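Engineer: Submitted below is the structure of interest, expressed as structure tokens.
Values in this text are rule-based calculations from the coordinates and carry no lab data. Since this is a predicted model, take the numbers as computed values, not measurements. Counting neighbours? That spans all protein chains shown, and the Cβs are built from the backbone with ideal geometry, glycine included.
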Amino acid sequence: MQSQRRQFLKLMGGLAIGVTGVSCLDSSDEKKTETAESGTTEAAKKLFFEISLAQWSLHKTLFEKKMDNLDFAAKARKDFGIGVVEYVNQFFKDKAQDTNYLNEMLKRCSDNDVKNHLIMIDGEGDIGHKVEAERIKAVENHYKWVDAAKHLGCATIRVNAAGEGTAEEIAKTAADGLSRLGEYAEKVGINVIVENHGGYSSNGAWLAGVMKAVNKPNVGTLPDFGNFCIKREPGNWRNCLEAYDRYQGTTELMPFAKGVSAKSHDFDAQGNETETDYKKMLQIVKAAGFTGYIGIEYEGEVLSEDEGIRKTKALLEKVGMELA
């Protein structure tokens, strides 16, 4: 694995000049491209945050092969007026070290004036595994995604603080794994963030404690408005048996946030999300001094994915303007 990673980095270095012409906008260009990143509406220019689109919002379309990962950037821009995207590694799982593929992603992004923000990583092992050898293996499995994120011009990868054991045991092993990964990512300027994503990670106080234990500037959180279910019914993930207060959890995670996920499921006649009070949530986000990206992550069953994304974007802009 290490030799493969070295080969990948060597290829990256060799292609550095060629990639420059097709790479996405880097962080130094943020001010110059504020309109492109936030959409084209006047409202977007006045928000205290910027809107991005999480690829999971289109997971049904992607899993059904009705859209290819390479087309995501164009769809975000052309269909929704969104110029910042968040990828999910499941949709290009075997491409982390495929330089030609990554360069094509960059070209599609550049062609559509889209910026890559982060990659959400799943399926690479438990960073908080109780066995040290397995934990280190999981951490090293994430290295290729750190490198891919760097190549794509992203600032961040999202990982999971998963493991087995008591809350105290997993907190200790997760902090160890995140510290190891954060150290590697820090060398190339990439952030490592943890989402409240089920289990103990959906306990805001627990995850905040892990962040304090790690205590690295490039390791933080991705508060998700809707992922505060600690325990679900076996075989029926929709039925939450133990929930954590989403507003309290978001408040606890915001001091460490390097991104925010605006989860949405359904909307009432006035366009409000039926499970989450977006105004209350955005007040919490603003009070924390956050001015970064809030990613749309529609996960509903009633509306189409496209309509759900549009509804979520409209709600974020409406509430954001009220709080401007």
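Engineer: Specify which labelled value, from [x] 0.95; [y] 1.01; [z] 1.18, agrees with Cα Rg over 2.2 N^0.38 Å derived from the coordinates of the model shown.
Structural biologist: [x]
Engineer: Before rounding to the nearest 500, sum -39500 (n - 2.57) across all DSSP H runs of length at least 4 in the chain and divide by the residue total; then give [θ] at 222 nm in deg cm²/dmol.
Structural biologist: Using -39500 (n - 2.57) per qualifying helix, the result is -13000 deg cm²/dmol.
Engineer: Starting from the range 166-275, pick out the GluC sites (Glu not before Pro) whose DSSP state is loop and whose Cβ has at most 10 other Cβ atoms within 10 Å.
Structural biologist: Details: sites: Glu168, Glu169, Glu183, Glu186, Glu195, Glu242, Glu252, Glu273, Glu275; in loops: Glu275.
The qualifying sites: there are none.
Engineer: Can you list the residues, at least 5 places off or on another chain, whose amide H is less than 5 Å from the amide H of Gly198, using H built in the peptide plane?
Structural biologist: Cys229
Engineer: Place +1 on the Cβ of every Lys and Arg and -1 on the Cβ of every Asp and Glu in the range 190-301, take the dipole about the Cα centre, and give the residue among Gly199, Ser261, Phe290 whose Cα lies farthest towards its positive end.
Structural biologist: Result: Phe290, furthest along the dipole toward the positive end.
Engineer: Here's another thing I want to ask about it. Could you let me know the centre-to-centre spacing of the range 215-260 and the range 90-148, using Cα atoms, in angstrom?
Structural biologist: After rounding, the separation between the Cα centres reads 22 Å.
Engineer: Let me ask another. Rounded to whole Å, give me the distance from the Cα center of the range 52-82 to that of the range 161-191.
Structural biologist: 30
Engineer: For the pairs Lys46/Lys78; Lys78/Lys150; Lys66/Lys286, flag any whose C-alpha to C-alpha distance is greater than 31 Å.
Structural biologist: Beyond 31 Å: Lys66/Lys286.
Engineer: Pull out the extension gain between Ser304 and Trp237, defined as 0.36 nm times the separation in residues minus the alpha carbon to alpha carbon distance; nm, one decimal.
Structural biologist: Going from the current span to full extension adds 22.0 nm.
Engineer: With θ set to phi - 60° and the Karplus curve 6.51 cos²θ - 1.76 cosθ + 1.60, what are the ³J(HN,Hα) couplings of the range 135-142 in order, to the nearest whole Hz, using x for Gly and Pro?
Structural biologist: These are the phi-based 3J(HN,Hα) values: 5, 5, 4, 5, 4, 5, 5, 7 Hz.
Engineer: Then there is this: How much length would be gained if the chain were fully extended between Ala213 and Lys93, taking 0.36 nm per residue of separation minus their Cα-Cα distance, in nm to one decimal?
Structural biologist: 40.1 nm
Engineer: Ok, one more. By how many nm would the segment from Ala287 to Ile136 grow when fully extended, if each residue of separation counts as 0.36 nm and the alpha-carbon distance is taken off?
Structural biologist: The span from Ala287 to Ile136 would gain 50.7 nm if fully extended.
Engineer: Can you run phi through the Karplus equation (6.51, -1.76, 1.60; θ = phi - 60°) for the range 306-318 and list ³J(HN,Hα) in whole Hz, with x for Gly and Pro?
Structural biologist: Working through the residues one at a time gives 4, 5, x, 5, 5, 5, 5, 4, 4, 5, 4, 5, 4 Hz.
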